[in-house]
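Please read the structure below before turning to the comments.
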Amino acid sequence: MAEEAEAAVLGFLEKNDEISDSGHFAGERGINHSDIVNIIKSLHGFRLVDAQDVKREKWVLTEEGKSYTSTGSPEVQLFLAIPPEGISPEELQKKVQPSVYGIGRSWAIKNKWVDMGKQLVSRKVQHVDDRVKDLLLCIQDGKVVDKSDIDALKKRKLIFQETWKGYSVRKGPNYVPKRKKVATDLTREHLQRGDWKELEFKEYNFNAKGQPAEGGHLHPLLKVRRQMQMIFLLMGFEEMPTNNFVESSFWNFDSLFQPQQHPARDSHDTFFLKDPSTTRNLPEDYVERVKLVHESGGYGSKGYGYDWKREEANKNLLRTHTTAVSSRMLYKLAKEPFAPKKYFSIDRVFRNEAVDRTHLAEFHQIEGLVCDRGLTLGDLIGVLHDFFSRLGMSQLRFKPAYNPYTEPSMEIFSYHEGLKKWVEIGNSGMFRPEMLRPMGLPEDVRVIAWGLSLERPTMILYGIDNIRDLFGHKVDLSLIKRNPICRIGI
């Protein structure tokens, strides 16, 4: 069809000056107008023809208007349904459709055709003409209709104005009666046949831009995570290895002096593994010391006074916090000649929680710790002020709290300028002797630590109020592509 349309356009212009209307031209030759339009655009692009826009506006019947051309207008239908002797309103309603009764009744009264009494509906005239139907038929046939009638039909939403677009066409500067097909590529077949000498090749457009290259995009969490890493590194911290998503209950709970009856160790709060369900590799001497401190205490503690069970400690799970990594690192540190250390980690943790706008079953935890001799609560507060001031949070408050493995413990609050109130931003504390001494760390060694989520500051920085829009399978990928670089004042 494209070749037929092109031949028709170029052939007509060979003997004529102009195609005044592409619509009429297509209709006279039985060619689809869209095919003619596509060819005109192509020929115009190569300057074989010059094309000018042509617009025609005409009135077209709506679906309701089309139905009236066959059934008649509602007012005439209602009038014809009234017998000469009259009819009750109830019987009239049964004889016509509900839509006909509602619309026809109004227009019949307005035209003074009927008398709508409470007991009887009767005709006021003997005959009526269906002017609405006649006007709609005229418009359908393309005949001229008075403006006042057009306005009336438009008001009743029986017609609407349709704009038709086409072209008028004249010869262009590069006009030829038959367009020569140019080659876009030199192929092996051209060389073998030897016809490459006669080929006319399409010109290259060196100013044309290619398709934009699709590159990778960093997730907002990764941007904020990188900024957090830089803050820790600038403060002299060393990153801990966090590549173990699966931990044993021993490292995740028992080594942190968390009792085996603690609610967090229930399946409603923790994801336990079915296969492998238990670990086979634990340091036995350390396990024995942890067992003793749980059952009978030590280092100034009474312990929990219960029968500690090895099978509970052996259970594998998806780690609920990165403090399990801190426990491993501190145990490793205790086996060597002591040297002060500053560690941090940022990685994924898992909790068996109901998902809502502020909670996910997996999220990221940021953790920092300092291990040195003679550390005090004052050192912890000072380090926290230094760390959070680098995040742009200079106003801090601390509230006493409880954690199984830290004493004293503090919740960290910062004043939120946007919300105009104090909001919780993290948790902190000093690791208990019951946790540190069984590892073998010297008695004068103290560990201060703190933690916060990665998602909360990211949501604040990027103005996201639903965590599911930031992380998970419902994330809008366009957000990942267009989000700006994260810059935290450090």
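The values are calculated or read from the model by the stated rules, or taken from the named source; none is laboratory data. The structure presented is a predicted model; accordingly, all values stated were derived computationally and were not measured. Positions of Cβ are generated from backbone atoms using ideal geometry, with glycine treated the same way; all protein chains shown enter the neighbour counts. With ligands, DNA and RNA removed, areas are computed over all heavy atoms of the protein, side chains included. Shrake-Rupley method; radii C 1.70, N 1.55, O 1.52, S 1.80 Å.
Residue by residue through the range 243-285, note down the ones that are basic (Lys, Arg) and part of a loop (DSSP other than H, G, I, E, B). If you could, list the steps in order and put the result at the bottom.
As a first pass, look at the range 243-285 and keep what is basic (Lys, Arg): 265, 274, 280.
Lys274, Arg280 - these are the residues of the range 243-285 that are basic (Lys, Arg) and part of a loop (DSSP other than H, G, I, E, B).
Of the conditions (1) of a type in the set (Lys, Arg); (2) assigned to a loop (DSSP other than H, G, I, E, B); (3) within 37 Å of the chain's Cα centre (by Cα), Lys223 clears all except one; give me its number.
(2)
Determine if the range 225-246 includes at least one residue that is in contact with a Pro (Cβ under 9 Å, 6 or more places away or on another chain), over 25 Å from Gly429 (Cβ atoms) and open to solvent by 40 Å² or more (accessible area, probe 1.4 Å).
Filtering the range 225-246 for residues in contact with a Pro (Cβ under 9 Å, 6 or more places away or on another chain) gives 228, 246.
Subset that is over 25 Å from Gly429 (Cβ atoms): 246.
Still in the running and open to solvent by 40 Å² or more (accessible area, probe 1.4 Å): 246.
Among the residues of the range 225-246, at least one is in contact with a Pro (Cβ under 9 Å, 6 or more places away or on another chain), over 25 Å from Gly429 (Cβ atoms) and open to solvent by 40 Å² or more (accessible area, probe 1.4 Å), which makes the answer yes.
Can you name the residue in the range 344-378 that is polar (S, T, N, Q) and open to solvent by less than 30 Å² (accessible area, probe 1.4 Å) and, of all such residues, is modelled with the lowest pLDDT?
Gln365
Please give the number of the condition Phe253 fails out of (1) under 40 Å from the mean Cα position of the chain (by Cα); (2) open to solvent by 30 Å² or more (accessible area, probe 1.4 Å); (3) of a type outside the set (Val, Ile, Thr).
(2)
Collect the residues in the range 379-393 that are of a type in the set (Gly, Ala, Ser), assigned to a helix (DSSP H, G or I) and open to solvent by 50 Å² or more (accessible area, probe 1.4 Å), keeping them in residue-number order. Please lay out each step first, then the result.
As a first pass, look at the range 379-393 and keep what is of a type in the set (Gly, Ala, Ser): 382, 389, 392.
Add one more test, that the residue is assigned to a helix (DSSP H, G or I), and what stays is 382, 389.
The answer is Ser389, and nothing else.
If Tyr343 satisfies all but one of (1) over 13 Å from Glu367 (Cβ atoms); (2) in contact with a helix residue (DSSP H, G or I) (Cβ under 7 Å, 6 or more places away or on another chain); (3) not in a helix (DSSP H, G or I), what's the number of the condition it fails?
All conditions pass for Tyr343, except number (1).
Looking at (1) open to solvent by 20 Å² or more (accessible area, probe 1.4 Å); (2) over 21 Å from Leu120 (Cβ atoms), which is the one condition that is false for Pro98?
Checking Pro98 against (1) open to solvent by 20 Å² or more (accessible area, probe 1.4 Å); (2) over 21 Å from Leu120 (Cβ atoms), the one that fails is (2).
Using the structure shown, decide if Phe271 is of a type outside the set (A, V, I, L, M), over 25 Å from Arg446 (Cα atoms) and within 40 Å of the chain's Cα centre (by Cα).
Numbers: of a type outside the set (A, V, I, L, M): yes; over 25 Å from Arg446 (Cα atoms): yes; within 40 Å of the chain's Cα centre (by Cα): yes.
When the stated conditions are applied, Phe271 passes them.
Residue by residue through the range 293-311, note down the ones that are of a type outside the set (Ser, Thr, Tyr) and either under 27 Å from Ile366 (Cα atoms) or loosely packed, with under 14 Cβ neighbours inside 10 Å (or both).
Gly300, Lys302, Gly305, Asp307, Lys309, Arg310, Glu311
Starting from the range 407-420, take each residue that is within 22 Å of Leu375 (Cβ to Cβ) and list its partners that are polar (S, T, N, Q) and at pLDDT below 90, counting only C-beta distances under 8 angstrom and pairs at least six apart or across chains.
Ser409/Asn403
Filter the range 200-224 down to the residues that are of a type in the set (D, E, K, R) and open to solvent by less than 100 Å² (accessible area, probe 1.4 Å), then identify the one that is farthest from Leu48 (Cα to Cα).
Lys223
Can you go through Glu18, Glu85, Glu75, Glu90 and tell me which one is under 30 Å from Lys157 (Cα atoms) and open to solvent by 60 Å² or more (accessible area, probe 1.4 Å)?
Glu90
Under the condition of being open to solvent by 50 Å² or more (accessible area, probe 1.4 Å) and either touching a His at 6+ places or on another chain (Cβ under 8 Å) or of a type in the set (Asp, Glu) (or both), which residue from the range 395-421 is nearest to Gly463 (Cα to Cα)?
Across the range 395-421, the extreme among qualifying residues is Glu417.
Within the range 422-451, how many residues turn out to be open to solvent by 30 Å² or more (accessible area, probe 1.4 Å) and in contact with a Cys (Cβ under 8 Å, 6 or more places away or on another chain)?
So the answer is 1.
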